[in-house]
Every structure is written in structure tokens, then in C-alpha cells.
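Student: Sharing a structure, written as C-alpha cells. Questions coming.
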Amino acid sequence: FHFGGTLLPHQLDLPVLRRLRKKMVMHYHGDDIRLESVTKKANPYYPLMGYNKDDSTIIRRAMRVARYVNTAIIVNHELYDCVSPFFDRVAIVPQAIDTTRFEVAFPDPDKKVPLVVHSPSDRNIKGTRYVLEAVDRLRKHHRFEFRLLEGLPHDEVIRITREADIVIDQVLLGVYGVFSMEAMALGKPVLCYIREDLVNTFPPGLPIVNANPYTLAAELEKLLVNPELRLELGKMGREYVERYHDSRVVARKLLEVYASL
């Protein structure tokens, strides 16, 4: 099951499935299990998103699920402290993308005016305000093009991102998500905030440039003035997603979890 839900409202099918001795696992992906009370303690930038979540609803649903399901799957360690109090076992299986669908276009180091893109699915969560502030500050000293990819079909976002030289994802949440993975699959350097306590929990060699609201301008400037670094990070990013996030790699990890139930 995914996102804390099952086939019937209020997870009414779980006790029946348990009596039938069905093996079950709940796969959480983010806000379906992210507790504000836990995340605020670990992430100093979380309050900047302007969230006002009701933890009691998430806790109540998780407790009801955990009564019948012993194993939960999460996509990274950011959610571990939110999930572990409820389930006997927590397995970590990375998010997956089909890398074969993304045609690589590494940044051209000879390009005189680099293109920077940012695609906010939600401006508050992505920290778009801080992205725009950094861009405005750097425009006074550097020549570059900036495009805000908002309200566009996914295919169009990918098409424009393929033309980009630098991609800015989110600067508040503390982990990278699907857009960062897609950008790396296209061979682009990515700026994204990775929580300090989570940096070493990801597979080794993560090429994402770690940038929070207060360091974003400086980190973006480093990429603007160093085209060779953009190319190097783009190559590293493509290799990283192929090794750890390709759907075939992740499918094998899922099968291992299912086989162990």
C-alpha cells in the first residue's frame, strides 16, 4: 500500500487481510507521514515553508496501519524518525526514475550566457522566494538567463530543463526529490538543500551542491563562473542516478523487501 491508504476507507480492509495471513507493507513518500513536530527539531528552515500541519491525523492513521502492518518503506532517512515509533521494521528504498527516458545534454562549457532554471511545484515548499532573491542579487554582477518553470506540463519542464546549464531545486525541505533526480538524469548540476544530519545517509558521491536560503547566492555564483565545474557535476549526476535511482535498480531493492516479509 502507498501514502498511508488502503483499498477501503479508514483502512477497514487491514484486519481482514491480516486474518487471511496476507503479507503487507506500507510505502510512505513524504507528507503522508512527515510530522511537523519531528521535522521542526531537525530542520531550521522548515518553519520558513509556512506549514501548519495537523500531526494528530497522521499519527492516528499511522497507528491504525501499524496495528496490522509490521513493515514500512520510506524513500530516505529524512522520514525515519517520523515512521520508526510506529512500525517494527523500516526499510529504505530510494525513489525511482526510468533513466532511459532522459536524453543526456551536459552543460556546454563554452556557452557564454548560462541558463538557470527553477521549477516550483509549490513555491513555499521549494523556497522560491529565496531563489528569486539570489537570482536578483547575482544579476547585478553576472550575465545569465533565468527561467521560472511554473504551471507548465511535465514534458515541457523536462524539455526546457534539458537546455539548462544549472538547475535549482528546493532550498528548505532538506532532501532532494524527483526534480533533482530528473535534472541529474539530464546531466545537469543541481543546487538543493540537504540537511546536515542527512548528508552521510545518502549513497556516496552525491553530486548535488548543498545550498540553503542563506548560501544559495554564493553557491550559484560558483557555478556561474566555473563552466568546467558545471560539466563535471553534470556527468557525476547522470552516473549517480543511473547507479542508485534507476527504476531497475530500485525494483530489485523492492523485491528484496517483499521477499523478506
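Student: Given the rule -39500 (n - 2.57) for each run of at least 4 DSSP H residues, summed and divided by the residues of the chain, what is its mean residue ellipticity at 222 nm, to the nearest 500 deg cm²/dmol?
Tutor: After summing the helix terms and dividing by the residues of the chain, the value is -11500 deg cm²/dmol.
Student: State the Cα centre-to-centre distance between segment 181-208 and segment 73-134 in whole Å.
Tutor: Centre-to-centre distance over Cα atoms comes out at 8 Å.
Student: A follow-up question, please. Can you give the Rg to Rh ratio of segment 119-261, both from alpha-carbon atoms, with Rh computed by the Kirkwood formula?
Tutor: Ratio of gyration radius to Kirkwood radius for segment 119-261: 0.99.
Student: Along each principal axis of its Cα atoms, how long is segment 33-155 end to end? Whole angstroms, biggest number first, please.
Tutor: 59, 36, 25
Student: Continuing with the same structure: Over segment 59-109, calculate the relative contact order: mean separation of alpha carbon pairs under 8 Å at least 6 apart, over the residue count, as a percent.
Tutor: Once normalised by length, the contact order is 33 percent.
Student: Which value in nm describes the separation of the simple spin-label points at residue 123 and residue 92, placed 7 Å from the Cα toward the beta carbon?
Tutor: Result for the modelled spin labels: 3.4 nm.
Student: Taking just the C-alpha trace of the chain, give me its Rg and Dmax in Å.
Tutor: 19.8, 67
Student: What FRET efficiency would be calculated for the residue pair residue 63, residue 260, taking the C-beta separation as r and a Förster radius of 30 Å, to the nearest 0.05?
Tutor: For R0 = 30 Å, the calculated efficiency reads 0.80.
Student: For a test of the definition: using alpha carbon positions, the gyration tensor, and the 1.5 limit on a/c, classify segment 94-170 as rounded, prolate or oblate.
Tutor: oblate
Student: Going by accessible area, probe 1.4 Å, with all protein chains left in place, what is the ranking of 23, 40, 53, largest first? Walk me through the numbers before you get to the answer.
Tutor: On the way: 23 150, 40 100, 53 45 Å².
Solvent-accessible surface, decreasing: 23, 40, 53.
Student: What distance in nm separates the two pseudo spin-label positions at residue 52 and residue 215, each 7 Å out from Cα along the beta-carbon direction?
Tutor: 3.2 nm
Student: Would you mind working out the accessible area per residue for the chain, using a 1.4 Å probe, and quoting it in Å²?
Tutor: Using a 1.4 Å probe on heavy atoms only, each residue of the chain averages 50 Å².
Student: Under unit Cβ charges (Lys, Arg +1; Asp, Glu -1), what dipole magnitude, rounded to 20 debye, does the chain have relative to its Cα centre?
Tutor: Magnitude of the dipole: close to 840 debye.
Student: Classify segment 15-63: rounded, prolate or oblate, from the alpha-carbon gyration tensor (a ≥ b ≥ c, eigenvalue square roots; a/c under 1.5 rounded; otherwise prolate if a/b is larger than b/c)? The partial results should precede the final answer.
Tutor: On the way: a/c = 3.97, a/b = 2.86, b/c = 1.39.
It comes out prolate by the Cα gyration axes.
Student: If you place +1 on the Cβ of every Lys and Arg, -1 on the Cβ of every Asp and Glu, and leave all else neutral, what size is the dipole of segment 108-256 about its Cα centre, to the nearest 20 Debye? Numbers along the way, then the final one.
Tutor: Numbers: 22 positive and 23 negative charges, 28 e Å.
Here the size comes out at about 140 debye.
Student: Report in % the part of the accessible area of segment 113-238 that belongs to carbon and sulfur, leaving out ligands and nucleic acids; probe 1.4 Å.
Tutor: Accessible surface attributable to carbon and sulfur in segment 113-238 totals 50 percent.
Student: Using Cα-Cα distances under 8 Å and only pairs 6 or more residues apart, what relative contact order does the chain have, in percent?
Tutor: Taking the mean separation of contacting Cα pairs over the length of the chain, I get 19 percent.
The values are calculated or read from the model by the stated rules, or taken from the named source; none is laboratory data. Fair warning: this is a prediction, and the values are worked out from it, not measured in the lab. With ideal geometry, Cβ positions are generated from the backbone for all residues, glycine too; neighbour counts draw on all protein chains shown. Side chains are part of the model used for accessible areas, which takes the heavy atoms of the whole protein and leaves out ligands, DNA and RNA. Shrake-Rupley method; radii C 1.70, N 1.55, O 1.52, S 1.80 Å.
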